[in-house]
Amino acid sequence: MEYFFILVFIALSAAFVAGGLIASRLVAPRRPGDVKNSPYECGEQPIGRTWIQFNVGYYLFALLFLVFDVEAAFLYPWAVIVREVGLVGLIEVGIFILVLIAGLLYAWKKGALEWL
Amino acid sequence: MNFWLMLPELVVIATAFAAGGADLLVADRSRRALAAIALGGIAAAFTAALAAPLGGALFGGRFIVDGAARWFKLLFLLAGFLTVVLSKDLLEGRARVRVRGIGFPGEYYTLLLFTLAGMMCLISATDIVTLYVSLELATLPLFVLAAWRRDDARSGEAGLKYVIVGALASAFILYGLGILYGLAGSTALAAIGRAVAPSPAFWLAAALVLAGVGFKLTIVPFHMWAADVYEGAPTPVTAYLSVASKATGLAFLFQLFFRMLLPHLEAWTPLLAILAATTMTLGNVVAIVQSNIKRFMAFSAISQAGYLIMGFMAPGTDGVAAMIFYLLVYIVTNLAVFACIIWYSNETGRERIEEYRGLARTNPLMALAMMVALFSLAGIPPLSGFVGKFFLFSIASAAGCHWLVAVAAVNTTISLYYYLRIVRQMYIEPAEEDAAPLPSGRALAAVIGALAVAVVLLGIVPWFYAQAHAHAALWTAAALR
Amino acid sequence: MLEFLAAHKPGHVEWLLLSATLFAIGLYGVLTRRNAVGILISVELMLNSAALNFVVFNRFVAPAACDGQITAIFVIAVAAAEVVVGMAIFVALFRHRGTIDVNRMNTMKD
């Protein structure tokens, strides 16, 4: 039964998006012009191509973020049974996090966190 | 819980952290200490693995130690130790030919040690989770090592190909393991082996896992990545890949066939025989036309993988013992050849086969060591390669696959031809006019000498095979109980 | 249609079909993509389909233990590590070659 609500939800959200697009296509007046056709960048005139290269620095941060992001996947199951596993579990999770922090410190010391 | 059983792995992991930490702390001048740390750690782990009890289990039977696992661990550690020695000169910038973009010994040894730890856990794992995680720990750092030369396009390309193929292989393995888990309802390998019965789903799962391991072990038709990765990776990494990655694949296949599917192994014999035959034949035939020595060794390694999997045709002590012994021989012999290749490329930067001409005039001892190792790879008596092949062939013969023995014998002859190509360049072709003897570092020369002696000793001293056989017998006694 | 869906809970067959479809889509992507990042994404799809398999079998075959769910968590972690390593190599290669088109990775053919 609970899957039925999900289905209804999916249908509703699809209808919401499609309805908006179709309604604007049908109702809105269309008078295209040079200014209106240019991509909108906070009211400024766009400069250059939209295909730009991102600084690799972003990538390094994403990489470090990913480590702790995935760590959460291991912490959730532990958090659910934290009372049952008690001190032993706490110590084990502590070791786990310490290893990850060692990695972070390593990256820090190697200069991965310096913004180039 | 008897954590002493895990001591070798823990020592290796602690050494990895120590090498990484020391890299942060020591000055650039004293980077040599890093190799010493790595070598000391591996030696300590080797001692610990020798001293550890020959049977026992940890974590509710998810991690076990037995005779076969101990042998695999010792072999992994041996390969790791020798690779560190072989890498030292290049990483510390003591090679005569300056190679750009190589260095960072701290990270290099750390990653190498992590792969070692992964391989050692792999052979002790008795559960899908530990098996898969240790397999990944053993292979992920290898991708980075293959791409080690950051400003060399070929190294990067090798890394790219390796990472794609490796990830694809692990997806295949994981999907197959998932189906096996579904069929058996348990992640313990032994329980899966007892619970599954031959069915279409079982064969699909086994085929997926075998395909994935085939990539790692470079079994034809899953071998195509090997040549490019071997050629592009830094030479010490190629040496490590050729023995360690192969040993990892073999260990995984050991887990799959002997720990999990032992009750069904008979059904696999024909397929294994066909895979072995095609692998050794294709590796040999393609090796003939290669001109780059690293590429040549890649195809030679492919054909050796074909010989290695013949050991799975006898589900018992003899098969395990023959396989372990040949793995030992293969590690020693292949690393002896690679030690010479690394020495030559360090001194001259040359990697083409015809550039080895006249080596016997300028450096007779090096040429002799390389010749002995090449002849052992080809399987000429009384060298160890012959003895190892003899045991493997007798396994295939006992399993009733006489045609496979014939194919393997023909292949041995072909391989003799192409190994002789290098020997001919070294001994018969004249040296260049102004060729002077090349110097060699003390550590590298010592390793090459020791390996060449070991290649001979393993062939004539039966003690090693007897030990492997005895430990394998202990394992079979426990496994078949 | 709606009544059928309302009354029908997806069983193991549906879930396994989903995971097999994901695996096939991933494999198709690996074989057809030319950009290395696209290939890596497709491989992730395959890994996740395998992880889904483990969870489904845990739920329908062996609900007493949680081995399958644990495996899935480890698969997520390993897949993340794989992506990190792969992307690092791709970035290094892109800086050097200016491309990660796998069709142009042919500098080593004899």
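Structure data summary
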item	result
Odd one out for B:L272 among (1) of a type outside the set (S, T, Y); (2) within 14 Å of another protein chain (Cβ to nearest Cβ); (3) more than 19 Å from the chain's Cα centre (by Cα)	(2)
Count - residues of region B:169-178 that are under 15 Å from C:G68 (Cβ atoms) and more than 7 Å from chain C (Cβ to nearest Cβ)	2
All positions within region B:291-306 that are among the small types (G, A, S) and in contact with a strand residue (DSSP E or B) (Cβ under 8 Å, 6 or more places away or on another chain)	B:S291
Every pair of residues 6+ apart whose Cβ atoms lie under 8 Å, when the first sits in region C:82-94 and is facing chain B (nearest Cβ under 7 Å) while the second is of a type in the set (D, E, K, R) and buried (at least 19 other Cβ atoms within 10 Å of the Cβ)	C:E82/B:E136; C:E82/C:E44; C:L93/B:E157
Close pairs (7 angstrom Cβ cut-off, 6 or more residues apart or separate chains): on the phi < 0 side of the Ramachandran plot in region B:380-404, charged (D, E, K, R) anywhere	B:I395/B:D318
Neighbours by Cβ (under 9 Å, 6+ apart or cross-chain): first from region C:7-21, within 11 Å of chain A (Cβ to nearest Cβ); second of a type in the set (A, V, I, L, M, F, W, C) and part of a helix (DSSP H, G or I)	C:A7/A:F4; C:P10/C:L18
Pair list, Cβ under 8 Å, 6 or more apart: region B:351-367 residue assigned to a helix (DSSP H, G or I), other residue among the aromatic types (F, W, Y)	B:I353/B:F296; B:Y356/B:Y344; B:L359/B:Y344; B:A360/B:Y427; B:M366/B:W343; B:M366/B:Y344; B:A367/B:Y427
Hey, C:I39 surrounded by fewer than 20 Cβ atoms within 10 Å (Cβ to Cβ), touching a residue at least 12 places away in the same chain (Cβ under 8 Å) and within 7 Å of another protein chain (Cβ to nearest Cβ) or not	no
Region C:1-30, residues that are at pLDDT below 85 and either aromatic (F, W, Y) or not in a helix (DSSP H, G or I) (or both)	C:M1, C:F4, C:H8, C:K9, C:P10, C:G11
Residue tally, condition without any contact (Cβ under 8 Å) to a residue 24 or more places away in the chain and among the β-branched types (V, I, T), over region B:1-12	0
Qualifying residues in region B:13-44 (those that are farther than 22 Å from A:A107 by Cα and free of Cβ contacts under 8 Å to residues at least 60 places away in the same chain) - the one farthest from the other protein chains (Cβ to nearest Cβ)	B:A43
Region C:61-110, subset surrounded by 17 or more Cβ atoms within 10 Å (Cβ to Cβ) and part of a loop (DSSP other than H, G, I, E, B), residue modelled with the highest pLDDT	C:A62
Residue check, B:A336 at pLDDT 90 or above, farther than 17 Å from B:M371 by Cα and out of contact with any Pro (no Cβ under 7 Å at 6 or more places or on another chain)	no
Residues of region B:180-191 satisfying the condition of being crowded, with 20+ Cβ neighbours inside 10 Å, part of a helix (DSSP H, G or I) and either in contact (Cβ under 8 Å) with a residue 60 or more places away in the chain or more than 7 Å from chain C (Cβ to nearest Cβ) (or both)	B:L180, B:A184, B:L189
Residues located in region B:62-95, provided they are under 28 Å from C:L93 (Cβ atoms) and not small (G, A, S)	B:T83, B:V84, B:L86, B:K88, B:D89, B:L90, B:L91, B:E92, B:R94
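The values are calculated or read from the model by the stated rules, or taken from the named source; none is laboratory data. Values in this document were obtained by computation on a predicted structure and should not be read as measured data. Methodologically, a virtual Cβ is constructed for each residue, glycine included, from the backbone with ideal geometry; neighbour enumeration extends over all protein chains shown.
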